[in-house]
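The values are calculated or read from the model by the stated rules, or taken from the named source; none is laboratory data. All values reported here derive from a predicted model rather than from experimental measurement. Here Cβ is always computed from backbone atoms with ideal geometry, including for glycine, and neighbour counts include all displayed protein chains. Protein only, heavy atoms only, side chains kept; ligands, DNA and RNA dropped before computing areas. Shrake-Rupley method; radii C 1.70, N 1.55, O 1.52, S 1.80 Å.
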Amino acid sequence: MSILVVGSVAFDSIKTPFGEVSEVLGGSATYFSTASSYFSEVKLVAVVGEDFPDEHVETLKGHGIDVSALQKVPGRTFRWKGYYEYDLNQAHTLETELNVFSDFSPVIPDGHCDSPFLFLANIDPDLQMKVLEQVRSPRLVACDTMNLWIENKPDALRKLLGKVEICVINEGEARELAGEASLVKAAKKIMDLGPRTLIVKRGEYGAVMFSSSFIFSAPAYPLEEIFDPTGAGDSFAGGFMGYLANTGDLSDENLRRAIIFGSVMASFNVEAFSLKRLGSLKQEEIRSRYMEFKQLTHFGDI
Ligand code: AMP
(Lines give C-alpha, C1' and ligand atoms only; values in the text may rest on other atoms or scores of the structure.)
Protein backbone atom coordinates (compact mmCIF):
# COMPACT_ATOMS: atom_id res chain seq x y z
CA MET A 1 0.00 0.00 0.00
CA SER A 2 1.21 3.49 -0.72
CA ILE A 3 2.08 6.35 1.62
CA LEU A 4 1.56 10.02 0.89
CA VAL A 5 3.91 12.32 2.80
CA VAL A 6 4.00 16.09 3.10
CA GLY A 7 6.90 17.83 4.81
CA SER A 8 10.04 19.81 4.17
CA VAL A 9 12.61 19.21 1.45
CA ALA A 10 15.56 21.30 2.54
CA PHE A 11 19.12 22.43 2.42
CA ASP A 12 20.62 21.71 5.84
CA SER A 13 23.78 23.23 7.30
CA ILE A 14 24.84 21.21 10.33
CA LYS A 15 27.66 21.12 12.82
CA THR A 16 28.18 18.17 15.17
CA PRO A 17 31.21 17.44 17.38
CA PHE A 18 32.37 15.11 14.57
CA GLY A 19 32.09 17.29 11.48
CA GLU A 20 30.32 20.02 9.62
CA VAL A 21 28.37 20.23 6.34
CA SER A 22 26.82 23.10 4.44
CA GLU A 23 23.62 23.05 2.36
CA VAL A 24 23.26 19.29 2.08
CA LEU A 25 20.02 17.60 1.09
CA GLY A 26 17.73 17.28 4.12
CA GLY A 27 14.23 18.02 5.29
CA SER A 28 11.62 16.03 7.17
CA ALA A 29 9.94 14.65 4.03
CA THR A 30 13.29 13.77 2.43
CA TYR A 31 14.36 11.60 5.35
CA PHE A 32 10.88 10.13 5.79
CA SER A 33 10.41 9.20 2.14
CA THR A 34 13.90 7.74 1.78
CA ALA A 35 13.46 5.53 4.86
CA SER A 36 9.95 4.39 3.90
CA SER A 37 10.97 3.70 0.28
CA TYR A 38 12.71 0.50 1.46
CA PHE A 39 9.29 -0.85 2.48
CA SER A 40 6.56 0.64 0.31
CA GLU A 41 5.52 2.98 -2.47
CA VAL A 42 5.91 6.65 -1.38
CA LYS A 43 4.45 9.83 -2.89
CA LEU A 44 6.12 13.06 -1.84
CA VAL A 45 4.27 16.39 -1.54
CA ALA A 46 6.57 19.38 -1.03
CA VAL A 47 7.95 22.51 -2.63
CA VAL A 48 11.48 23.53 -3.57
CA GLY A 49 12.94 26.66 -5.15
CA GLU A 50 14.77 27.26 -8.40
CA ASP A 51 18.06 26.66 -6.61
CA PHE A 52 17.19 22.99 -5.99
CA PRO A 53 19.40 20.87 -8.27
CA ASP A 54 17.98 18.18 -10.54
CA GLU A 55 20.59 15.86 -9.09
CA HIS A 56 18.68 15.82 -5.75
CA VAL A 57 15.40 15.10 -7.55
CA GLU A 58 17.15 12.22 -9.29
CA THR A 59 18.39 10.92 -5.91
CA LEU A 60 14.80 10.79 -4.65
CA LYS A 61 13.57 9.19 -7.86
CA GLY A 62 16.41 6.67 -7.60
CA HIS A 63 14.70 5.38 -4.44
CA GLY A 64 11.47 4.90 -6.36
CA ILE A 65 9.89 7.92 -4.63
CA ASP A 66 7.06 9.46 -6.66
CA VAL A 67 8.06 13.13 -7.03
CA SER A 68 5.20 14.19 -9.31
CA ALA A 69 3.80 16.38 -6.49
CA LEU A 70 7.18 17.93 -5.66
CA GLN A 71 6.70 21.46 -7.00
CA LYS A 72 9.54 23.68 -8.15
CA VAL A 73 8.63 27.38 -7.89
CA PRO A 74 10.46 30.72 -8.13
CA GLY A 75 12.37 31.52 -4.94
CA ARG A 76 14.74 29.84 -2.55
CA THR A 77 14.44 26.33 -1.10
CA PHE A 78 13.70 25.91 2.63
CA ARG A 79 16.89 26.07 4.71
CA TRP A 80 17.67 24.84 8.21
CA LYS A 81 20.87 25.56 10.10
CA GLY A 82 21.62 23.86 13.39
CA TYR A 83 24.22 22.33 15.64
CA TYR A 84 24.61 19.64 18.27
CA GLU A 85 26.92 19.52 21.26
CA TYR A 86 27.99 16.26 22.89
CA ASP A 87 24.36 15.69 23.94
CA LEU A 88 23.26 14.61 20.49
CA ASN A 89 19.65 14.29 21.61
CA GLN A 90 19.31 18.06 21.58
CA ALA A 91 19.28 19.89 18.24
CA HIS A 92 19.98 23.62 18.51
CA THR A 93 18.39 25.62 15.70
CA LEU A 94 20.42 28.60 14.49
CA GLU A 95 18.23 29.59 11.55
CA THR A 96 15.04 28.44 9.85
CA GLU A 97 14.35 30.00 6.44
CA LEU A 98 10.89 28.95 5.28
CA ASN A 99 11.42 30.60 1.86
CA VAL A 100 9.16 28.87 -0.73
CA PHE A 101 7.20 27.19 2.09
CA SER A 102 5.87 30.62 3.21
CA ASP A 103 3.39 30.79 0.29
CA PHE A 104 3.01 27.10 -0.41
CA SER A 105 -0.52 25.87 -0.90
CA PRO A 106 -0.33 22.15 -1.58
CA VAL A 107 -2.62 20.79 -4.28
CA ILE A 108 -2.72 17.03 -4.21
CA PRO A 109 -2.98 15.51 -7.70
CA ASP A 110 -6.11 13.39 -8.15
CA GLY A 111 -4.12 10.17 -8.42
CA HIS A 112 -2.63 10.80 -4.96
CA CYS A 113 -5.90 11.52 -3.11
CA ASP A 114 -6.71 7.87 -2.43
CA SER A 115 -3.44 7.05 -0.66
CA PRO A 116 -4.33 4.74 2.23
CA PHE A 117 -1.45 5.89 4.45
CA LEU A 118 -0.81 9.56 5.13
CA PHE A 119 2.17 10.97 6.99
CA LEU A 120 2.17 14.65 7.88
CA ALA A 121 5.89 15.17 8.50
CA ASN A 122 7.14 18.19 10.41
CA ILE A 123 6.03 21.39 8.68
CA ASP A 124 3.58 24.22 9.43
CA PRO A 125 0.42 22.55 10.87
CA ASP A 126 -1.75 24.67 8.54
CA LEU A 127 -0.04 22.99 5.57
CA GLN A 128 -0.40 19.57 7.20
CA MET A 129 -4.14 20.27 7.54
CA LYS A 130 -4.45 21.42 3.92
CA VAL A 131 -3.05 18.09 2.76
CA LEU A 132 -5.16 16.06 5.17
CA GLU A 133 -8.34 17.77 3.89
CA GLN A 134 -7.59 16.68 0.33
CA VAL A 135 -7.00 12.99 1.00
CA ARG A 136 -10.12 10.81 0.72
CA SER A 137 -10.74 8.48 3.69
CA PRO A 138 -7.17 7.36 4.42
CA ARG A 139 -6.76 4.19 6.48
CA LEU A 140 -4.12 5.67 8.76
CA VAL A 141 -3.05 9.27 9.38
CA ALA A 142 0.02 10.06 11.46
CA CYS A 143 1.86 13.31 12.12
CA ASP A 144 5.02 14.78 13.57
CA THR A 145 5.67 18.33 14.78
CA MET A 146 8.29 20.40 16.62
CA ASN A 147 8.75 23.11 19.23
CA LEU A 148 8.55 25.92 16.64
CA TRP A 149 4.92 25.02 15.84
CA ILE A 150 4.02 24.15 19.45
CA GLU A 151 5.07 27.68 20.39
CA ASN A 152 3.96 29.65 17.31
CA LYS A 153 0.90 27.78 16.02
CA PRO A 154 -0.65 26.07 19.06
CA ASP A 155 -4.26 26.37 17.84
CA ALA A 156 -3.57 25.00 14.35
CA LEU A 157 -1.59 22.14 15.90
CA ARG A 158 -4.36 21.23 18.35
CA LYS A 159 -6.90 21.25 15.51
CA LEU A 160 -4.68 18.91 13.53
CA LEU A 161 -4.13 16.56 16.47
CA GLY A 162 -7.90 16.18 16.68
CA LYS A 163 -7.80 14.54 13.24
CA VAL A 164 -4.85 12.12 13.40
CA GLU A 165 -4.65 8.58 14.76
CA ILE A 166 -0.94 8.52 15.54
CA CYS A 167 1.34 11.33 16.69
CA VAL A 168 5.12 10.85 16.61
CA ILE A 169 6.96 13.44 18.67
CA ASN A 170 10.24 14.08 20.55
CA GLU A 171 10.32 13.61 24.29
CA GLY A 172 11.02 17.29 25.09
CA GLU A 173 8.31 18.40 22.67
CA ALA A 174 5.78 16.00 24.19
CA ARG A 175 6.41 17.58 27.59
CA GLU A 176 6.21 21.09 26.14
CA LEU A 177 3.01 20.39 24.20
CA ALA A 178 1.27 18.91 27.24
CA GLY A 179 2.79 21.30 29.80
CA GLU A 180 3.66 18.23 31.92
CA ALA A 181 6.97 17.00 33.29
CA SER A 182 5.82 13.38 33.66
CA LEU A 183 5.99 11.64 30.29
CA VAL A 184 3.13 9.28 31.15
CA LYS A 185 0.86 12.19 32.11
CA ALA A 186 1.99 14.15 29.05
CA ALA A 187 1.13 11.18 26.83
CA LYS A 188 -2.38 10.97 28.31
CA LYS A 189 -2.94 14.68 27.79
CA ILE A 190 -1.81 14.54 24.16
CA MET A 191 -3.97 11.49 23.48
CA ASP A 192 -6.91 13.43 24.95
CA LEU A 193 -6.42 15.90 22.09
CA GLY A 194 -7.15 13.18 19.49
CA PRO A 195 -4.45 10.62 18.65
CA ARG A 196 -5.21 7.10 19.87
CA THR A 197 -1.50 6.25 19.79
CA LEU A 198 1.40 8.46 20.78
CA ILE A 199 4.98 7.59 19.92
CA VAL A 200 7.61 9.46 21.88
CA LYS A 201 11.09 9.51 20.34
CA ARG A 202 13.84 9.61 22.97
CA GLY A 203 16.98 9.85 20.83
CA GLU A 204 19.70 7.53 22.09
CA TYR A 205 17.25 6.15 24.69
CA GLY A 206 14.90 4.72 22.07
CA ALA A 207 11.14 5.20 21.69
CA VAL A 208 8.01 4.61 23.75
CA MET A 209 4.59 3.93 22.28
CA PHE A 210 1.52 4.81 24.35
CA SER A 211 -2.03 3.71 23.64
CA SER A 212 -5.10 3.39 25.85
CA SER A 213 -4.45 -0.34 26.36
CA PHE A 214 -0.64 -0.71 26.49
CA ILE A 215 2.77 0.92 26.67
CA PHE A 216 5.61 -0.46 24.56
CA SER A 217 9.21 0.62 24.97
CA ALA A 218 12.03 -0.01 22.49
CA PRO A 219 15.71 0.78 22.99
CA ALA A 220 17.84 2.57 20.42
CA TYR A 221 20.47 0.48 18.66
CA PRO A 222 23.71 0.71 20.68
CA LEU A 223 25.89 2.33 18.03
CA GLU A 224 29.50 3.06 18.85
CA GLU A 225 29.73 6.00 16.47
CA ILE A 226 26.93 8.48 15.96
CA PHE A 227 27.87 11.04 13.38
CA ASP A 228 24.82 13.24 12.89
CA PRO A 229 21.38 12.79 14.49
CA THR A 230 19.61 15.07 11.98
CA GLY A 231 16.71 13.26 10.40
CA ALA A 232 16.70 10.43 12.95
CA GLY A 233 13.10 11.21 13.91
CA ASP A 234 11.94 11.33 10.29
CA SER A 235 13.80 8.13 9.38
CA PHE A 236 12.21 6.51 12.41
CA ALA A 237 8.76 7.58 11.21
CA GLY A 238 9.61 6.40 7.67
CA GLY A 239 10.59 2.91 8.85
CA PHE A 240 7.53 2.75 11.12
CA MET A 241 4.96 3.85 8.51
CA GLY A 242 6.74 2.02 5.69
CA TYR A 243 6.50 -1.29 7.50
CA LEU A 244 2.81 -0.72 8.35
CA ALA A 245 2.03 0.17 4.72
CA ASN A 246 4.00 -2.84 3.49
CA THR A 247 2.11 -5.29 5.69
CA GLY A 248 -1.26 -3.49 5.82
CA ASP A 249 -1.59 -4.85 9.35
CA LEU A 250 -2.50 -2.32 12.05
CA SER A 251 -2.71 -4.77 14.97
CA ASP A 252 -0.97 -3.90 18.26
CA GLU A 253 1.54 -6.68 17.63
CA ASN A 254 2.45 -5.26 14.24
CA LEU A 255 2.71 -1.71 15.60
CA ARG A 256 5.42 -3.07 17.92
CA ARG A 257 7.32 -4.56 14.96
CA ALA A 258 6.94 -1.28 13.11
CA ILE A 259 8.51 0.59 16.06
CA ILE A 260 11.55 -1.68 15.75
CA PHE A 261 11.79 -1.08 11.99
CA GLY A 262 11.59 2.66 12.78
CA SER A 263 14.44 2.29 15.24
CA VAL A 264 16.46 0.31 12.68
CA MET A 265 16.12 3.06 10.04
CA ALA A 266 16.97 5.82 12.54
CA SER A 267 20.07 3.91 13.63
CA PHE A 268 21.38 3.74 10.06
CA ASN A 269 20.60 7.39 9.41
CA VAL A 270 22.71 8.73 12.28
CA GLU A 271 25.83 6.94 11.00
CA ALA A 272 26.50 9.68 8.41
CA PHE A 273 25.43 13.16 7.26
CA SER A 274 22.45 13.65 4.94
CA LEU A 275 21.41 10.51 3.00
CA LYS A 276 24.93 9.06 2.82
CA ARG A 277 24.10 5.97 4.86
CA LEU A 278 20.29 5.97 4.81
CA GLY A 279 20.29 6.26 1.03
CA SER A 280 22.50 3.26 0.32
CA LEU A 281 21.11 0.40 2.39
CA LYS A 282 20.58 -3.19 1.37
CA GLN A 283 17.48 -5.12 2.43
CA GLU A 284 19.70 -7.71 4.17
CA GLU A 285 21.25 -4.98 6.36
CA ILE A 286 17.81 -3.80 7.47
CA ARG A 287 16.66 -7.31 8.23
CA SER A 288 19.80 -8.26 10.06
CA ARG A 289 19.68 -5.15 12.28
CA TYR A 290 16.02 -5.94 13.07
CA MET A 291 17.12 -9.38 14.28
CA GLU A 292 19.85 -7.77 16.40
CA PHE A 293 17.16 -5.65 18.06
CA LYS A 294 15.23 -8.81 18.85
CA GLN A 295 18.29 -10.24 20.54
CA LEU A 296 18.92 -6.98 22.38
CA THR A 297 15.55 -6.99 24.10
CA HIS A 298 15.00 -10.72 24.54
CA PHE A 299 14.74 -12.08 28.05
CA GLY A 300 13.25 -15.28 29.37
CA ASP A 301 10.14 -15.88 31.48
CA ILE A 302 10.47 -16.56 35.19
P1 AMP B 1 14.68 15.47 12.80
O2 AMP B 1 14.23 14.14 12.32
O3 AMP B 1 13.81 16.00 13.88
O4 AMP B 1 16.15 15.49 13.15
O5 AMP B 1 14.47 16.48 11.58
C6 AMP B 1 15.52 17.11 10.90
C7 AMP B 1 15.03 17.75 9.61
O8 AMP B 1 13.94 18.64 9.89
C9 AMP B 1 16.12 18.59 8.96
O10 AMP B 1 16.54 17.97 7.77
C11 AMP B 1 15.47 19.96 8.70
O12 AMP B 1 15.62 20.40 7.39
C13 AMP B 1 14.01 19.75 9.04
N14 AMP B 1 13.42 20.89 9.76
C15 AMP B 1 13.99 21.63 10.75
N16 AMP B 1 13.14 22.61 11.14
C17 AMP B 1 12.01 22.48 10.40
C18 AMP B 1 10.75 23.20 10.33
N19 AMP B 1 10.50 24.25 11.11
N20 AMP B 1 9.83 22.76 9.45
C21 AMP B 1 10.10 21.71 8.66
N22 AMP B 1 11.24 21.01 8.66
C23 AMP B 1 12.20 21.37 9.52
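Which one, Ser213, Val200, Tyr243, is farthest towards the positive end of the dipole of the chain when Lys and Arg carry +1 and Asp and Glu -1 on their Cβ?
Ser213
Between Leu94 and Lys163, how many nm apart are label points set 7 Å from Cα along the C-beta direction?
Result: 3.7 nm between the two label points.
Pull out a ≥ b ≥ c, the square roots of the eigenvalues of the alpha-carbon gyration tensor of the range 72-125, then state rounded if a/c is under 1.5, prolate if not and a/b is larger than b/c, and oblate in the remaining case.
Oblate.
Could you tell me which of rounded, prolate or oblate describes the range 54-211, using a ≥ b ≥ c as the square roots of the eigenvalues of the alpha-carbon gyration tensor, with rounded for a/c under 1.5 and, failing that, prolate when a/b is larger than b/c and oblate otherwise?
It is oblate, given that a/c is not under 1.5 and a/b is not larger than b/c.
Near the amide H of Glu23, under 5 Å away, which other amide H atoms are found, from residues 5 or more places off or on another chain, if H is placed in the peptide plane?
Those qualifying (amide H under 5 Å, at least 5 residues apart or on another chain) are Asp12, Ser13, Ile14.
Answer rounded, prolate or oblate for the range 3-296, using the Cα gyration tensor with square roots of eigenvalues a ≥ b ≥ c: rounded when a/c is under 1.5, else prolate when a/b is larger than b/c, else oblate.
Rounded, because the longest to shortest axis ratio a/c is under 1.5.
At a 1.4 Å probe, what is the % contribution of carbon and sulfur to the accessible area of the range 3-296?
For the range 3-296, the apolar C and S fraction of the accessible surface comes to 48 percent.
On average, how much accessible surface per residue is there in the range 3-296, in Å², for a 1.4 Å probe, leaving out ligands, DNA and RNA?
Spelled out: the 1.4 Å probe surface of the range 3-296, per residue, equals 42 Å².
Name the chymotrypsin sites (Phe, Trp or Tyr not before Pro) in the range 129-215 that are in a loop by DSSP and that have at most 11 other C-beta atoms within 10 Å, would you?
Filter output for the range 129-215: Phe214.
Do any chymotrypsin sites (Phe, Trp or Tyr not before Pro) in the range 5-112 lie in a loop, going by DSSP, with at most 15 other beta-carbon atoms within 10 Å of their beta carbon, and if so which?
Counting only loop positions with at most 15 other Cβ atoms within 10 Å, the chymotrypsin sites (Phe, Trp or Tyr not before Pro) in the range 5-112 are Phe18, Tyr86.
On a C-alpha basis, how far is the centre of the range 88-162 from the centre of the range 227-259 in Å? Whole number, if you could?
Cα centroid to Cα centroid, the span is 18 Å.
How about the range 246-302: which trypsin sites (Lys or Arg not before Pro) there lie in a loop by DSSP and see at most 13 other Cβ atoms within 10 Å?
Hits after loop and neighbour filter: Lys282.
Whats the longest run of the chain with zero GluC sites (Glu not before Pro) that are DSSP loop and have at most 11 other Cβ atoms within 10 Å?
86-223
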